[in-house]
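Let me begin by presenting the structure, written as structure tokens, before commenting on it.
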Amino acid sequence: MEHMEVFASDGTKVGTVDHMEGSDRIKLAKSTSPDGEHHFVPLTWVDHVDQHVHLNKTVSEMKSGR
């Protein structure tokens, strides 16, 4: 999963996988973040994985924490 692109359910690219952080979240590479910080995606937000990681949340849902 490392270096795979991550897409929100609305099709927006939200980053690139850096690595798994523990067994329950994905750490995104800070080099792909607009604010230059690491961000984390809970595995519960992952809808499916093919060539990319696809989330079951839109960008606005992710930002609001819903």
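Filtering the range 1-27 to residues that are of a type in the set (A, V, I, L, M), farther than 13 Å from MET62 by Cβ and either assigned to a loop (DSSP other than H, G, I, E, B) or open to solvent by less than 50 Å² (accessible area, probe 1.4 Å) (or both) leaves MET1, MET4, VAL17. Within the range 28-66, the set of residues being acidic (Asp, Glu) and either under 13 Å from VAL6 (Cβ atoms) or open to solvent by less than 60 Å² (accessible area, probe 1.4 Å) (or both) comprises ASP47, ASP50, GLU61.
Restrict the check to the range 4-13 and report whether at least one residue is of a type in the set (Gly, Ala, Ser) and at pLDDT below 95.
Of all residues in the range 4-13, those of a type in the set (Gly, Ala, Ser) come to 8-9, 11.
Next, only the ones that are at pLDDT below 95 stay: none.
No, the range 4-13 contains no residue that is of a type in the set (Gly, Ala, Ser) and at pLDDT below 95.
Condition check for PHE40 on (1) assigned to a strand (DSSP E or B); (2) at pLDDT 95 or above: one failure, at (2).
The values are calculated or read from the model by the stated rules, or taken from the named source; none is laboratory data. As the structure is a prediction and not an experimental result, all values here were calculated from the model. No Cβ is skipped: glycine too gets one built from the backbone with ideal geometry, and neighbour counts run over all protein chains shown. Calculation scope for accessible area: heavy atoms of the full protein, side chains included, ligands and nucleic acids excluded. Shrake-Rupley method; radii C 1.70, N 1.55, O 1.52, S 1.80 Å.
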